Number of protein chains: 2
Amino acid sequence: MTAEGKAVTTPASPPLTERQEARRRRILHASAQLASRGGFDAVQMREVAESSSVALGTLYRYFPSKVHLLVATMQDQLQHMHTTLRKRPPAAEEPAARVAETLMRAFRALQREPHLADAMVRALTFADRSVSPEVDTVSRLTTAIILDAMGLDAPPTAEQLSAVRVIEHTWHSALITWLSGRASIAQVKIDIETVCRLIDLTAPPESSGSRRS
Amino acid sequence: MTAEGKAVTTPASPPLTERQEARRRRILHASAQLASRGGFDAVQMREVAESSSVALGTLYRYFPSKVHLLVATMQDQLQHMHTTLRKRPPAAEEPAARVAETLMRAFRALQREPHLADAMVRALTFADRSVSPEVDTVSRLTTAIILDAMGLDAPPTAEQLSAVRVIEHTWHSALITWLSGRASIAQVKIDIETVCRLIDLTAPPESSGSRRS
DNA sequence: GGATAATGTAGAACAAGTTTCAGACTTGAT
DNA sequence: ATCAAGTCTGAAACTTGTTCTACATTATCC
């Protein structure tokens, strides 16, 4: 069960026309493309505008800052990842192992586009208050992915949610250290596995009455 | 025992003259001052230069970028914190509790200067590869503080070091969520306490032969 | 003490994010 | 079809990090 029934996708403000939806999509595509080339710095607003055949002013109407744009790009990518992951759920038995497996899978996907990862993650952690809603959406998506991986058969306890938050913290920060070349891939793997141990630690007692098969 | 016998402080490149040391200090002071006012954005290189009576070019000779400057500022502040913390070591018995207590103390210090915290932490996570050495120094300092708090009587095991790394990840990322208004102080406290449980989890077996008093 | 290299100064110049504005184009309602 | 409101465009302007240049000051070495 995903954390939210609502579509995490749609802030549903004013409904966009078709042409507008298309523009938005072009912009996000250009953003991801440029990011894939050279990371955060390579995503230059003028280039994104030109690349997506949109005036600079329009770009700024759709995404009020570069960080907004990149966080939206991340939302987009995460959505893909989420659906991809749902298709082949992790194989392991234990929740902790399942989460670790899922995150490592995501990590390998990021390794294929390290520059894109750089742009998205840097934007995410650099975001200030004005981007909070968008960053929060990303966070909820990530939480949903992790909870999915845990494969709980009861709603998560408060303790488990704390563990998930800590896992998210570790995930983001470990990515940063990797992206900035201060930690190896192996290191990141160890950190993920280490933090996932918290899941076992916070599992509710096996036979305490509220378990469902 | 601190993680390093070497002075984490001194990269010891070319020894600075007295006037140079003074300049450097003026710059760091101005940086912290401006950061305290308005956070990352308020630290404008021209203002730092003027504020510390140094030409812009000179500022850039001392700190090759704004991020370098702010990371150095953080180094500076951390050093203070470390010596302050050493004076009154945490009271708790258990290593996990001691670390949590220490981090919460640090957190309260940051709360007193939230804008400064903002500037330093944002710079830290935004830093790219060119700042890796400096960021690494900060990381080593943080590790030292945590290890100190654990009060081990034997050198930390590899497992414990992993736990410490995860704690650091959580610490940075939790700070970010707090600074960007997406998590409350209480939330950060819970996250810290949650992650600190990893310390118990990775403690070496009590009476396994390599214990000292 | 003077030559010489390194360091510092002032200020212009450049780059990229962001804002602004006048005019052209769409859209939706009548 | 027409009008008003909202949207998009192109281009210039503005801000702040960063670089560059020509000249002054300081430090070092003989």
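The values are calculated or read from the model by the stated rules, or taken from the named source; none is laboratory data. Nothing here was measured: the structure is a model prediction, and the numbers come from that model. Counting neighbours? That spans all protein chains shown, and the Cβs are built from the backbone with ideal geometry, glycine included. For the accessible areas, the whole protein counts, side chains as well, though only heavy atoms, and no ligand, DNA or RNA atoms are used. Shrake-Rupley method; radii C 1.70, N 1.55, O 1.52, S 1.80 Å.
Between residue B:87 and residue A:93, the simple spin-label model (points 7 angstrom out along Cα→Cβ) gives 5.5 nm. In this simple spin-label model, placing a label point 7 Å from the Cα along the Cα-to-Cβ direction at both residue B:111 and residue B:17 gives a separation of 4.7 nm.
Coordinate range of the alpha-carbon atoms in region B:76-146 per principal axis, descending: 41, 24, 19 Å.
If we count trypsin sites (Lys or Arg not before Pro) as exposed when they sit in a DSSP loop and have at most 12 other beta carbons within 10 Å, what is the longest stretch of chain B that avoids them all? Provide the component values of the computation, followed by the final result.
Details: sites that count: B:6, B:211, B:212.
So the longest stretch without any such site is B:7-210.
Once the Cα atoms are used to define both axes, helix B:158-179 deviates from the longest principal axis of chain B by about 50 degrees.
Chain B: D in µm²/s via Stokes-Einstein (Kirkwood Rh, Cα pairs, 10 °C, 1.306 mPa s)? Estimated diffusion coefficient is 87 µm²/s.
For region A:51-129 versus region B:101-180, the spacing of their alpha-carbon centroids is 25 Å. For region B:184-199, putting each phi into the Karplus relation 6.51 cos²θ - 1.76 cosθ + 1.60 with θ = phi - 60° gives couplings of 7, 4, 4, 4, 4, 4, 4, 4, 4, 5, 4, 5, 5, 4, 4, 5 Hz, in residue order, rounded to whole numbers and with x for Gly and Pro.
Think of chain A as a dipole: +1 on every Lys or Arg Cβ, -1 on every Asp or Glu Cβ, centred on the Cα centre; then among A:52, A:109, A:198, A:52 lies furthest on the positive end.
Counting only alpha carbon atoms, the long axis of helix A:114-126 and the longest principal axis of chain A meet at about 80°. Overall, the accessible surface of region B:46-165 at a probe of 1.4 angstrom is composed of carbon and sulfur to the extent of 53 percent.
Rounded to the nearest 10 degrees, the inclination of helix B:66-87 to the longest alpha-carbon principal axis of chain B is 40 degrees. Taking the inverse of the mean reciprocal distance over all distinct Cα pairs, the Kirkwood hydrodynamic radius of the protein assembly as shown comes to 23.0 Å. Taking every C-alpha pair closer than 8 Å and separated by at least 6 residues, the mean separation divided by the residue count of chain A gives a relative contact order of 25 percent. Take region B:98-206, drop everything but the C-alpha atoms, weight them equally and run the Debye formula without solvent; then report log10 I(q)/I(0) at 0.12, 0.15, 0.19, 0.22 Å⁻¹ to two decimals. Log10 of I(q)/I(0), two decimals: -0.42, -0.66, -1.02, -1.28.
Could you tell me the total accessible area buried at the B-A interface, probe 1.4 Å, in square angstrom to the nearest hundred? Display every interim value, and only then the final one.
Details: alone 12340 and 12340 Å², together 21540 Å².
Chains B and A together bury roughly 3100 Å² of accessible area.
Seen from all directions on average, region A:64-105 presents a Cα convex hull projection of 3.4 nm².
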